[in-house]
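Heads up, the thing below is written out as structure tokens.
Nothing in this text is a laboratory measurement; each read-out follows from the coordinates by a stated rule. What you see is a predicted model, and the numbers here were worked out from it, not measured in a lab. No Cβ is skipped: glycine too gets one built from the backbone with ideal geometry, and neighbour counts run over all protein chains shown.
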Amino acid sequence: MVKITFVDNSGASQIVDAQPGVSLMRAAVDNGVNGISADCGGACACATCQVYVADEWFAKTGAPAEDEQAMLGFTNSVRGNSRLSCQITLTAALDGMVVTTPEQQT
Amino acid sequence: MDTVMQNSGLLDIPLDRLDVSQHHLFRTGEVLPLFARLRREDPVHYCAQSQNGPYWSVTKHEDIMKVDTNPKVFSSSWENGGIVLDDAQAIPPVKDFVISAFIALDEPRHGVYRRAVQPIVSADSLRSLEDLVRTRTKKVLDSLPRDQVFNWVDLVSIELTTLLLATLFDVPVEDRHLLREWSDVTATLEGMDGFIGHENRIAKLTECLHYFMKLWNDRVNAPPKFDLVSMLAHDPNTRNMTPIDYLSQILVLIVGGNDTTRNTMSATINAINLFPDEYRKVREDRKLIPAMVDEIIRWQTPIPHMRRTALEDFQLRGKLIRKGDKVAMWYYSGNRDEEVFPDGDSVNVNRPNVSRQLSFGFGIHRCMGMNIAKLQLRILWEEMLDRFEFIEMLKPPVRTMSNQINGYTEVMVRIRG
Ligand code: HEM
Ligand code: FES
């Protein structure tokens, strides 16, 4: 299992154990994590699944593709360490990762 | 409705003669069983002849997502025909008067304009709007007549949406009727109710341009402020645009923020009268308000279609869409696709997957004002429930005759005092 800590905008955190191979978005939605609505169901088309990835983990999540960057560019909350969680596949290498959700999606 | 359909024989018409884009079908509601038929028999449907020439209908949720998320193949640009089936909206009615709003541009120009005004829907901005919206909503609801019949569209829906628009542009609230008029003029084309003729339309839009040029001139040399005009005037990427480009961006913001939310406010009354049990559930548990807001936006689908133009050949569900073809993504149909939303004609506040609804579109053009619309509607619900036991609709509403806007002109109600 891959252990992920989600921290919301108020600082409250929730730890989720997920199967490797699923997306970070799935792990969040299936475990009822607050602050991720994922309206498009993972099609990289709504930007309501944005997370900020802690610096030490960011590189390990891989580089966002062009489509993902375009969608992130149309959010108000994009930062240098933003990712769309539906575009990150969980692997053992991400065990222990910490991500934060924005105050408001899009 | 079934008898209407049997009488009109539309359900038996050969598929190759079926044209779901006829405006009147949207007023009568006849279009819904026709969409159901297409989803069943021919989900990606070619219509060879219509008031707007040949076009494809995409009717399934999954296929609409495929088209909407592929802007490289499916263009929004007005240069290719724009975002509605009616080309007249994209073709300049008078030389040099092209309305090229960012909703009808492809990358990279779309992004330049969108990014300039996007901060208006930031979390900070919405937080500061919340109190204002609440104060105004209270005032409007408190002033409604009791035990008398009135049109909810005029006294509530139009009033609240135009007040908000005036705030977003920072114009005097007394001028809100002008915004409403310009919005209607922009969205009402030949063949629809209320069309005022091409020349009058241009005259009205020119009046709008002059009004907003004055605001621009006042604000471009003043320190930046937090309103849509000031944002465009100060963003280095937009401050040198032509007046017509400027007008275009203003119009999309006026139209986008006006009809859609207005008609959802009117739809709310229709919905609670048709589905009183769902209303009661929300009354008893206010945590259901956001889900109810989403569900009514799905059910209403304020924008029934968005059009794209294929830039290359594309296979969709075994059909070959050819380069240059017009494609209608029928959100109104996808939002009732039985594979995603069973019993989609009903309002159901407990629908588990309502956030997958298509009413705001998906992909890079996804509605910029979504969170503002949801904020206004949530507050309307909260304040309604605080004040009224129920809002009784006295006769069936009068709907607009348009395949571009699912709306209402009349929702006659009475509130007991
Ligand atoms: C219930 C209310 C609303 C609905 C159903 C709605 C629906 C839509 C749809 C279907 C699109 C096009 C999506 C696409 O092409 O994929 C859109 C775009 C847009 N909407 Fe809305 N809208 C609503 C409220 C608002 C409000 C309140 C505003 C402004 C304050 C607004 C501003 C815009 C803008 C600027 C665009 C263009 C976005 C782009 O091209 O990047 N909308 N909306
Ligand atoms: S779920 Fe829509 S972009 Fe990730």
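Values computed for the structure shown
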item	result
Least to most buried among B:40, B:280 (fewest other Cβ within 10 Å first)	B:40, B:280
Listed peptides B:102-115, A:42-55 by packing density, highest first (mean Cβ within 10 Å)	A:42-55, B:102-115
Net charge, residue B:143 excluded, C-beta distance under 14 Å - Lys, Arg +1, Asp, Glu -1	+1
Exposure proxy order (Cβ contacts within 10 Å, fewest to most) of B:365, B:305	B:365, B:305
Shape of the range A:2-100, Cα gyration tensor, a/c cut at 1.5	rounded
Local net charge near residue B:408, Cβ-Cβ under 9 Å (Lys/Arg +1, Asp/Glu -1)	+1
Mean Kyte hydropathy of -1.0 or more with a Cα span along the axis of at least 24 Å, helices from DSSP in chain B	B:123-142, B:198-220, B:243-274, B:370-387
Peptide B:362-368 - average C-beta neighbours from other chains (10 Å radius)	6
Residue exposure sequence - B:368, B:192 - by fewest surrounding Cβ within 10 Å	B:192, B:368
Filter on A:3/B:287; B:60/B:319; B:72/B:319; B:287/B:374; B:281/B:374; B:72/B:326 - keep pairs with C-alpha separation over 22 Å	A:3/B:287
Hull shadow area, averaged, the range B:151-241 [alpha-carbon convex hull, nm²]	7.0 nm²
Environment charge of residue B:292, counting only residues whose C-beta is closer than 15 Å and scoring Lys/Arg +1, Asp/Glu -1	+1
